[in-house]
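Worksheet: the structure to be examined is printed underneath.
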Amino acid sequence: PEVPYELRQNVDRNVATTWIDRDNTGNYDPEEEVKKEKLRKARAKTKKQGKHPAPKQPKEKVQKLIVRLRVESFGNVLNITDNEDNWPSGWSEVDPEEEMERQSRRAFHRQNTPGLQTQTPIPDPKTDSSTDGLAGHPTARGCEDCDAGPTPNHEPKRTHLNTILYSVERKHIECTLCRKEGRRCSLKTKSDRPPCKACQRLKISCTFHDTRYEPAKESQRKKSSTKFSRSTKGNFEKPANAYTHLFTEADLADLEEMDHVELEREDTPELFMEDSEGHHGVVTTLLTSYAHPIVFNAVSASALDCSWCHMPTFGLFGLWERKVHVLRWNNGLGYTELQGGHRESNDKSIMCQACTLSRIQIVLCLGHQVTQSPSKDPDDDFAVVVDHLLSAEPRSEELKYQHQRWCTMCFAVATFKCCTPQPPICDSAEDDGMIFGCGLRFCDCCERRYREEFKGDVDEMATALEKEPKARETTEDTCGTVARADVGFLRQDGLLMANVVKEAE
């Protein structure tokens, strides 16, 4: 079967066309021969029938007056009427354009001239003077025996070089480097302040010298498009020496300083919000290892709900530290997580009453009498203690005992403890109503820092350790190097004490 012929699609057919002159008329009219053939047949038919065409009417003659001027030479013709020149203003017999250009150039050079006429001579008041006139002489200003130079200790008015080199009156808009390499400069107008992005990236001086434009070769253009730093390896002319007698040392010092733009970021304005539970506060960021808001002294919560009793390492590491966007409550009793927090995959952290009162006992201890624990037990090895902690049954008495074997400040085995006699806060008191020790325990490193660095102040030590980085998921070695996640709860003005005091009111 024959394939039907079709025109190609997506082809622009709106192109200029013309007729092909297939005859010999030369006017590109394809109907010219047809018209001539029709005219020849009509004349032959008329002649055959004996008819003659109507005679043409003669054209009417119109009189014309022609005046001829006899001129010896065309160059001597003067446009004179009644002996007055009526040439337009600015006309010259030499060359009007050249003469006008000469006059404009002369006016430009004389723009600072006081006057084109000769100054009137100033007579000399001294009769014995041989000077004809004092025009331009210092004596005309009332000076006698003075030099034409500046007076001693005279400092001329300084002109900042940036006003000359980088102002809107500079000659070029684009810098020398971009014009030399044929690149687009980031300076689009003369009001844009140098340096441009290319010179700032290459750490070179952004100048505006006159240079001959030499477009780079195609190979160099491809190389420079992949790596811009190679563009400085051409025959780039170095800027001229800045030393000149027209500038002072202060001006030269300003010239040698590299121009740099210092960007100052304004402080982010505080954003006030209200959460779904009616808490008002300010949006901020917080480094935390727990899911907020934290519930303290939960009387109705059993050990089954307490996060510290349920997870053996919750007090040491928590849920790993991360930076969270939170709403800081105005009353100072907690935070509401907004983004990137632990509440995205966990419930809020809950501390039961027993865990809360054990930490309050440490905070309210009047004086910590820290003594070293008895001789070291073989079971106090770090790896052994870690195994015992992880193998302890959640919410059991064994887990409470394992918690007491760890330092209260960091992730290390405790070797010192507080033995201060004091009334208990919990119900588990001895027969005489007193307990020995608040539960504070130190490792060797923390006990030394407690004595030497913090001078026996637990509150100051807890405040300092709270600002130190905590354990994260990427932390490999945590033994004695990071602070506990809950060390901030031992502060007297911390989150735990604020909630307990508010609840007591």
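The values are calculated or read from the model by the stated rules, or taken from the named source; none is laboratory data. Bear in mind the structure is a predicted one, so any value in this text is a computation, not a measurement. Every residue, glycine as well, gets a Cβ built from its backbone with ideal geometry; the counts of neighbours run over all protein chains shown. In case anyone asks, the SASA skips ligands and DNA or RNA and just uses the protein heavy atoms, side chains included. Shrake-Rupley method; radii C 1.70, N 1.55, O 1.52, S 1.80 Å.
Observations on the model:
- Taken over segment 262-306, residues that are surrounded by fewer than 16 Cβ atoms within 10 Å (Cβ to Cβ), at pLDDT 85 or above and of a type in the set (Ser, Thr, Tyr) amount to 3.
- Inter-residue pairs, beta-carbon under 8 Å, first basic (Lys, Arg) and in segment 490-505, second assigned to a helix (DSSP H, G or I), 6+ apart: Arg491/Val363; Arg491/Asp459; Arg491/Ala462; Arg491/Thr463; Arg491/Glu466; Arg491/Met497
- Some residue of segment 429-443 being of a type in the set (Gly, Ala, Ser), surrounded by fewer than 19 Cβ atoms within 10 Å (Cβ to Cβ), over 14 Å from Phe416 (Cα atoms) and touching a strand residue (DSSP E or B) at 6+ places or on another chain (Cβ under 7 Å): yes
- Listed here are the helices (runs of 4 or more DSSP H) enclosed by segment 353-407 that have at least 2 residues being closer than 25 Å to Pro424 by Cα and open to solvent by 90 Å² or more (accessible area, probe 1.4 Å): 397-403.
- Counting the residues of segment 317-334 that are part of a loop (DSSP other than H, G, I, E, B) and touching a Ser or Thr at 6+ places or on another chain (Cβ under 8 Å) gives 5.
- Residues of segment 473-497 that turn out to be more than 17 Å from Cys365 (Cα to Cα) and surrounded by 14 or more Cβ atoms within 10 Å (Cβ to Cβ), as a count: 10
- Flag for Asn331 being polar (S, T, N, Q), open to solvent by 20 Å² or more (accessible area, probe 1.4 Å) and in contact with a Leu (Cβ under 9 Å, 6 or more places away or on another chain): no
- Condition check for Gly318: buried (at least 18 other Cβ atoms within 10 Å of the Cβ), at pLDDT 90 or above and within 15 Å of Ala485 (Cα to Cα): yes
- Candidate set from segment 444-466 (those that are touching a residue at least 40 places away in the same chain (Cβ under 8 Å) and acidic (Asp, Glu)); member that is surrounded by the most Cβ atoms within 10 Å (Cβ to Cβ): Glu447
- Residue within segment 335-350 that is in contact with a helix residue (DSSP H, G or I) (Cβ under 7 Å, 6 or more places away or on another chain), of a type outside the set (A, V, I, L, M, F, W, C) and outside any loop (DSSP other than H, G, I, E, B) present: yes
- Hey, Arg201 open to solvent by 70 Å² or more (accessible area, probe 1.4 Å) and modelled with pLDDT of 85 or more or not: yes
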